[in-house]
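First up is the structure itself, then whatever we jot down about it.
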Amino acid sequence: MSVRVLPDFLINQIAAGEVVERPASVVKELVENALDAGADNIVIDVADGGRTMISVMDNGKGMTADDLKIAITRHATSKLPDDDLLNINFMGFRGEALPSIASVADMTIDTFRAGDKNGWQIDANTGEVRPCAWDSGTRVRVKNLFGKTPARLKFLRADRAEMVGVLEVVKRLAMARPDVGFVLNDKWCFSKNQDLEARIADVMGDDVRGNMLRVDAVSASDASMHLRGFISRPTLRRASSVDQYLFVNGRPVKDKVLVSALRAAYMDVMHAREFPLCALYLTLDPRNVDVNVSPAKTEVHFLEPAHVRAFIIKSLRSVLAQTMNASLSRPAVPETVATPVQQNLTPRTDFHLGLARAPVGRMPEFSAMRVCEPVSAAADNFGPFASDFSHRQVAGSVNAMPVTEKVSDIFDEMPLGRAIGQFGNKYIIAAHSDDFIIVDQHAAHERITYERLRAHSIKVQPLLTPIVVTLRAEDVAAILSVAEELAACGLTLDAFGDDAVAISAKPADWSLDWGATLRAVADEVRANGASAQLHERLHLKLANFACHHSVRAGQRLDMDSMNALLRDIERTQRAGQCNHGRPVYKIIPMHEIDGWFERA
């Protein structure tokens, strides 16, 4: 057969196969057009999951009769005034949505442009434009979806499932524009000019209220790169990524770079099989991101993906580190307070974990230490209390805190107060002048141990005989592009010909399948521009060691040990949650307890 140009109707149907996958795709394209038209109220109606009817009505600026006729032709757009594909500042662009939809369904458009005497209507089947009584914005009605391509109807899911897809699209667009009001089938309503936190709660559920952390960061190396929004506390998570909303220059995306950065930021505060919630808005120079790489416009390409990823990870980790101890709002523990837990952790030489000088060990015994000793070194910092500082113990039960009144006052200056007992050999019960505090002893010591391990440099083992790993040439190129990052994890390597690398140093005591590991690194680099493989493996090794070498649930502690553990918690970064995201402590205010007993 000779080469020929396909007819327009077939070209449009091929384009529709890329743009119009299902009813949710139609809703997405039409709503994005409404947003680009300046609408601040959008009403969507869907019947039978979108199979029989989709209507999108907006109060945007509308179109003239001439605009309306051109709008249903291929590659027609009002969104590139400078013909610059690298400077796209609109939700939509590709110019294929309306003609693509018209090629697989029956479509009519009613529109009104300010200054015209009347509205205009077009039937996409005939292309006929005629006057109508429409007097505000634009309405697009799509009926009998895929009626012109019946073979595609069988790929639609049940109406209920398609409706779920439509709702998800509307929710993502509603999160992108909290200033715009959305109504879907008179059932799901999002108010105009809504506060972002309120919009997040409406979309994600009431359990997010009070559990989201604000993010607002600007890149130190690129002032145009700004990350804002909210992420969930580690204790709030989902079983899937359904409540992860990511936006680039206002456009909802599902981007691998952003998803991997989010995962890396939560790596040591949440279990790998759980997912944080987020609404993150990344803005950057439009010339540094290509938003038109896929017909559905859900993917983007960054000019410098590794830089974007590193910026996001750093920003989110900073927020998590600052807020995980936010409930400890009382004065910080003086630096001179002795911390027996830290002092008595004895180094082990039989298990290096790839760390140099890592002080790991068990919770020490404090049977010979009096209760005042954990705070005796702080006496000089407590002014008038110093001369009255007493080392006498008060006779009483095992669970009574044997301290003088002045020592009790000193404990009240500390965020987690003083231990008053242990419950179930799992929880430390502590008291502050204003609060009642419960501490999970294992989670607390696990976080303390993990952070101390993290603080030490990786112990590197030089190899007398390099390990040569044979790879594909493209894998070698990908790995060498992140050689500095791998070196930061203790792995030093160089090219060994075009299809191999030679490992000259590795983290001590790590015996991995380096071929499989490096192939996984290469795959991740090609997908995301960076790799977290070794960081994640190091985290898991440290986290497992911290878990297995910390105070256990069921282990009985004396008062001195409990108070020492409280002091260490107060000094530890991100001590609000353990490595798996479980809470370390709960603080119950006195007024809340009074309410339980109707003393309010």
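The values are calculated or read from the model by the stated rules, or taken from the named source; none is laboratory data. As the structure is a computational prediction, the values presented were derived from the model and not from experiment. Cβ coordinates were reconstructed from backbone atoms using ideal geometry, including for glycine residues, and neighbour counts include every protein chain displayed.
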(request) Give the number of residues within the stretch 507-532 that are more than 13 Å from residue 490 (Cβ to Cβ) and assigned to a helix (DSSP H, G or I). (result) 13
(message) Exactly one condition in (1) small (Gly, Ala, Ser); (2) over 29 Å from the mean Cα position of the chain (by Cα); (3) in the same structural domain as residue 124 (by TED's automatic domain parsing); (4) modelled with pLDDT under 95 is false for residue 55; which is it?
(response) (4)
(request) Sort through 161, 174, 151 and tell me the only one that's in a helix (DSSP H, G or I), assigned by TED's automatic domain parsing to the domain that holds residue 30, aliphatic (A, V, I, L, M) and closer than 25 Å to residue 38 by Cβ. (result) 174
(message) Criterion first (in the same structural domain as residue 260 (by TED's automatic domain parsing) and at pLDDT below 90) does residue 306 satisfy it?
(response) yes
(request) For residue 147, indicate whether it is crowded, with 20+ Cβ neighbours inside 10 Å and among the small types (Gly, Ala, Ser). (result) no
(request) For residue 597, work out the one condition from (1) surrounded by 17 or more Cβ atoms within 10 Å (Cβ to Cβ); (2) hydrophobic (A, V, I, L, M, F, W, C); (3) farther than 19 Å from residue 430 by Cα it doesn't fulfil. (result) (1)
(request) Might you let me know whether the stretch 124-137 holds any residue that is within 39 Å of the chain's Cα centre (by Cα) and at pLDDT 90 or above? (result) yes
(message) Just checking, does the stretch 568-588 include any residue being surrounded by fewer than 21 Cβ atoms within 10 Å (Cβ to Cβ), touching a residue at least 60 places away in the same chain (Cβ under 8 Å) and among the aliphatic types (A, V, I, L, M)?
(response) yes
(request) Select from the stretch 194-210 the residues that are in contact (Cβ under 8 Å) with a residue 60 or more places away in the chain and surrounded by fewer than 19 Cβ atoms within 10 Å (Cβ to Cβ) and list them in ascending order. (result) 196
(message) So residue 179 ticks every box in (1) of a type outside the set (A, V, I, L, M, F, W, C); (2) at pLDDT below 90; (3) surrounded by fewer than 21 Cβ atoms within 10 Å (Cβ to Cβ) but one. Which box is left unticked?
(response) (2)
(message) Tell me yes or no: at least one residue of the stretch 478-496 is out of contact with any helix residue (DSSP H, G or I) (no Cβ under 6 Å at 6 or more places or on another chain), at pLDDT below 90 and polar (S, T, N, Q).
(response) yes
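Under 24 Å from residue 456 (Cα atoms) and free of Cβ contacts under 8 Å to residues at least 12 places away in the same chain: is that true of residue 483 in this structure? Steps first, please.
Values: under 24 Å from residue 456 (Cα atoms): yes; free of Cβ contacts under 8 Å to residues at least 12 places away in the same chain: yes.
In short, yes.
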(request) May I ask you to say which residue of 236, 227, 282, 277 is of a type in the set (A, V, I, L, M), within 11 Å of the chain's Cα centre (by Cα), within 20 Å of residue 212 (Cβ to Cβ) and not assigned by TED's automatic domain parsing to the domain that holds residue 29? (result) 277
(request) Return a yes/no flag: does the stretch 485-506 have any residue that is surrounded by fewer than 16 Cβ atoms within 10 Å (Cβ to Cβ), within 29 Å of the chain's Cα centre (by Cα) and outside any helix (DSSP H, G or I). (result) no
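Go through 461, 441, 422 for me and flag whichever is over 33 Å from the mean Cα position of the chain (by Cα) and surrounded by 17 or more Cβ atoms within 10 Å (Cβ to Cβ). Break it down into steps so the answer makes sense when it comes.
Details: 461 fails: surrounded by 17 or more Cβ atoms within 10 Å (Cβ to Cβ); 441 fails: over 33 Å from the mean Cα position of the chain (by Cα).
Just one listed residue meets the conditions, 422.
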